[in-house]
Amino acid sequence: MAPEQSFARWIRVAIITFVLLFIYYLLADAFLPVTPQARVLRQVTRIAPEVSGEVVAVDVANNQSVQAGEVLFRIDPEPFRLAVQKAELALEQARRENAELDAELAAARADLSAARAAAEEASRQRKRAESLMQSGSMSSRQYDEILARYHSTTAAVASTQARIQSLQVKRGETNRDNLRVRQAENALAAAHLNLERTTVRAPGAGWISNLQLAEGDYVKAGAPALAEIGARLDIVADFREKSLRHVSEGGPAWIALDGLPGQVFPAHLASRDEGVKAGQLIADGNLTSIPTTNRWVRDAQRIRVHLALDRALPKLPASGARATVQLAPESNPLAHVIAHGQITVMSWLHHVY
């Protein structure tokens, strides 16, 4: 065969190969989507104290495994012990004030009995004085004195009754429903709770990572002081919009981890996000900002999907570990075989890159 014929044949083979690969790319992109834009995430709990204070002890080390309820660090408890003592004194003061009010109420009720007796006597004298005045046996001056005494004793009864009512309102309930005592008890319970919160414990089982906290640091309530990484996995992958047309939730998937080259793990599509940040408009009072680009072919929008493994991994990968994800239509056995072969080749390529 002449060199020209051999070269022409190789050109035809190259063109046919390119066309076949291009057709395969189009079909695979539509029915067998794959993406290297995937990560393995584990839940990260940002642990923040519920009270502020100086750290006096850190009971864990970096990357240490912890169990739920295990002590992580301690805040200086002395100010909170003083707060408990202050609340206890306030409760005792409230009880003493109630006892004083009880004594004042007893004295006021005794005064009311005396005032009523005096008022009844003054009422009887007034009635006798009225009879004597009608018969002319009593002077007007004497009658006025008796009448004034009657009004004075009546006013004393009303004043004592008002004082009793005021003391009853101030005293409140006589049992545990007393407002003053309940307020003091609530303050004492809050002080005890804050004292307990000086010991910060792990909310669940996991691993402490990137520990920077040290004795002497001052931590604020609500400000994260350390992070705990759990064991639950969430595998996320970003696919172009058009690549998700023929896959559905529950459909088959395969995952190749960069850290475990040559291994493929079966999974399934658990869910897909309903939006991305570019699809969120914030009411900030500004006019619409329209992005501009000079590119004729714009970047494709990617949608995030979440995958769940069908079997456990031999070991937990680090949160943020890279992965490659392969999807396939749910009811197409041939596509499953091709997709599995495709992701297997990619997993072996992880030995190289």
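Working from label points 7 Å from Cα in the Cα-to-Cβ sense, the A148 to V19 distance is 13.2 nm. Leaving out ligands, DNA and RNA, and with a 1.4 Å probe, what % of the accessible surface on the stretch 88-192 is carbon or sulfur? The nonpolar share, carbon plus sulfur, comes to 51 percent.
Within the same chain, lysines fewer than 8 places from K277 are excluded, and of the rest, those with a Cα less than 23 Å from its Cα are K242.
On a per residue basis, the convex hull of the C-alpha atoms belonging to the stretch 157-232 measures out at 162 Å³.
Please identify the longest segment of the chain free of exposed trypsin sites (Lys or Arg not before Pro), where exposed means a DSSP state other than H, G, I, E or B and no more than 13 other Cβ atoms within 10 Å. The partial results should precede the final answer.
Working: sites that count: R176, K220, R245, R295, R298, R311, K315.
Free of exposed loop sites, the longest segment is 1-175.
Against the empirical curve 2.2 N^0.38 Å, the C-alpha radius of gyration of the chain lands at a ratio of 2.10. Just checking the listed ones, L167, L193, L327: in the Gaussian network model of the chain with Cα springs under 10 Å, the one fluctuating most is L167. In this Cβ point-charge picture (+1 for Lys and Arg, -1 for Asp and Glu), the chain has a dipole of about 640 debye about its Cα centre.
Ranked from the most accessible area to the least, with a 1.4 Å probe and all protein chains present, what is the order of E215, E97, E228?
On the way: E215 125, E97 65, E228 5 Å².
So the residues, ranked largest to smallest area, are E215, E97, E228.
Can you compute the FRET efficiency between I290 and D310 using 1/(1 + (r/R0)^6), with r the Cβ-Cβ distance and R0 = 30 Å? Round to the nearest 0.05. Let's see the in-between values first.
Numbers: r = 44 Å, r/R0 = 1.48.
That pair, I290 with D310, gives E of 0.10.
Here the stretch 236-253 is scanned for amide nitrogen atoms under 20 Å from the site 7 Å beyond the Cα of S331 along Cα-to-Cβ, giving 244-253. Helix 140-171 and the longest principal axis of the C-alpha atoms of the chain enclose an angle of approximately 20°. Note on surface exposure: V19, V337 rank V337, V19 by accessible area, highest first, 1.4 Å probe. Each Cα pair under 8 Å and six or more residues apart adds its sequence gap; the mean of these over the residue count of the chain is a relative contact order of 30 percent.
Taking the longest Cα principal axis of the chain as reference, the axis of helix 333-349 is set at about 90 degrees.
The values are calculated or read from the model by the stated rules, or taken from the named source; none is laboratory data. This is a predicted model, so every value here is computed, not measured. Note that each Cβ is placed from the backbone with ideal geometry, even for glycine, and that neighbours are counted across all protein chains shown. With ligands, DNA and RNA removed, areas are computed over all heavy atoms of the protein, side chains included. Shrake-Rupley method; radii C 1.70, N 1.55, O 1.52, S 1.80 Å.
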